[in-house]
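Below is one structure, written out as structure tokens; comments come after it.
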Amino acid sequence: MEWTPEAEAAVKKVPFFVRKKVRRRVESEASEAGKTIVGLADVNATQKRYLSKMASEIKGYLLDACFGPSGCPNRTNAADTLVERLEVCLREADLLTFLKREVGENLKFHHEFRVTVAECPNACSQPQIKDLGIIGASVPAFTDEPCSGCEACTEACPDDAITLGEDEAPPVIDGNRCLVCGKCIGVCPTHTLTEGQSGYCVLLGGKLGRHPRLAESLPGVFTEDEVLAILSACLDFYKHTSRGGKRFADILGPDDFQRFVERFGKLKAQSSKLKGGRGKGTGFGCRIRGKS
Ligand code: SF4
Ligand code: SF4
Ligand code: SF4
């Protein structure tokens, strides 16, 4: 739906953590009223209604995703079933009852447990500042097909992670640079490069606010079932440990994070494949800067 510049400017002033909801609500209400263009009056009317009953909109968690499903060419894999299953898991955890007990009448949107799915490492939905951030991953691997040295993969790689070998030797992918976006795979004309694994990188414990911190990446690339298991473990930890509405990021100490790494991390298994080359897989993907 089209927005006037005044309406766009007005919605940008809405606090970021409810902006998407307000935007969706404005479009829905304008559409129901038979409008094709959203104007300033529509934004003001919806915002007033929405903020006046904000408390009833709080559900204890906020799950969102990037715009990959609307046709973004960068998505590494379709996370449709993952998002649905995350929603079920979050709903069943009944975080609203937990938060009402812990926070009482002062419960606000910023207390909610936040989860997001970005379907590629461009990370448009900001997984680095969510309690649980999930990023689509497509891990390149090498087949036995000879490399022609065409350089299509090095040109396609946004992270300069691929070095071609001499005299038709297979390329090498630097696992410390590769963000497992999969862009090199589709461009390889000889099928020397293929998809070795598809799944998700998982980040834990990001937030903004007075004491912001970036989420830390669990080493490895995870299947959908594994992501669900990680979420479930995070929710258990959160409900057992958080008191008075403290965010997951505030209670996740280095020792706690290490326990998640020991339980779910795949560093050892995947770092053994780092050399690349014919017949090998590549690195373990996401190198998103964690907290210092
Ligand atoms: S995160 Fe990637 S797939 Fe999702 S909208 Fe952004 S560029 Fe597209
Ligand atoms: S998957 Fe890795 S090597 Fe391939 S294009 Fe993406 S960052 Fe580069
Ligand atoms: S791996 Fe594929 S894309 Fe890369 S140089 Fe060799 S043939 Fe070309």
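Only residues that are over 21 Å from C89 (Cα atoms) and either of a type in the set (K, R) or not assigned by TED's automatic domain parsing to the domain that holds C72 (or both): list them for region 99-136, please. If the condition is that a residue be over 21 Å from C89 (Cα atoms) and either of a type in the set (K, R) or not assigned by TED's automatic domain parsing to the domain that holds C72 (or both), then K108 is the only one that fits.
For region 152-168, a residue qualifies if it is in contact (Cβ under 8 Å) with a residue 12 or more places away in the chain and either more than 10 Å from ligand 3 (Cβ to nearest atom) or part of a loop (DSSP other than H, G, I, E, B) (or both), and the qualifying residues are C157, P158, D159, D160, A161, L164, G165, E168.
If I ask for residues that are in contact with a strand residue (DSSP E or B) (Cβ under 8 Å, 6 or more places away or on another chain) and either assigned to a loop (DSSP other than H, G, I, E, B) or within 12 Å of ligand 3 (Cβ to nearest atom) (or both), which ones from region 134-151 would you list? Walk me through it before giving the result.
In the first step, residues of region 134-151 are kept if they are in contact with a strand residue (DSSP E or B) (Cβ under 8 Å, 6 or more places away or on another chain); the result is 134-143.
Selection gives P140, A141, F142, T143.
Rundown of residues vs (1) closer than 27 Å to G244 by Cβ; (2) in contact with a Leu (Cβ under 8 Å, 6 or more places away or on another chain), yes/no style:
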{"site": "V117", "(1), (2)": "no, yes"}
{"site": "N122", "(1), (2)": "no, no"}
{"site": "S138", "(1), (2)": "no, no"}
{"site": "T143", "(1), (2)": "no, yes"}
{"site": "A169", "(1), (2)": "no, no"}
{"site": "I173", "(1), (2)": "no, no"}
{"site": "E195", "(1), (2)": "no, no"}
{"site": "G206", "(1), (2)": "yes, yes"}
{"site": "G220", "(1), (2)": "no, yes"}
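Please list, ordered by residue number, the helices (runs of 4 or more DSSP H) wholly in region 1-83 having 3 or more residues that are at pLDDT 85 or above.
Values: elements: 5-12, 16-32, 40-52, 54-57.
Correct list: 5-12, 16-32, 40-52.
The set of residues in region 152-197 being within 16 Å of ligand 1 (Cβ to nearest atom), buried (at least 17 other Cβ atoms within 10 Å of the Cβ) and of a type in the set (G, A, S) consists of A156, G182. Within region 100-108, at least one residue is of a type in the set (A, V, I, L, M) and more than 29 Å from T4 (Cα to Cα).
The values are calculated or read from the model by the stated rules, or taken from the named source; none is laboratory data. Predicted model, so just to flag it, every value in this text is computed and none were measured. Every residue, glycine among them, receives a Cβ derived from its backbone with ideal geometry; neighbour counts consider all protein chains shown.
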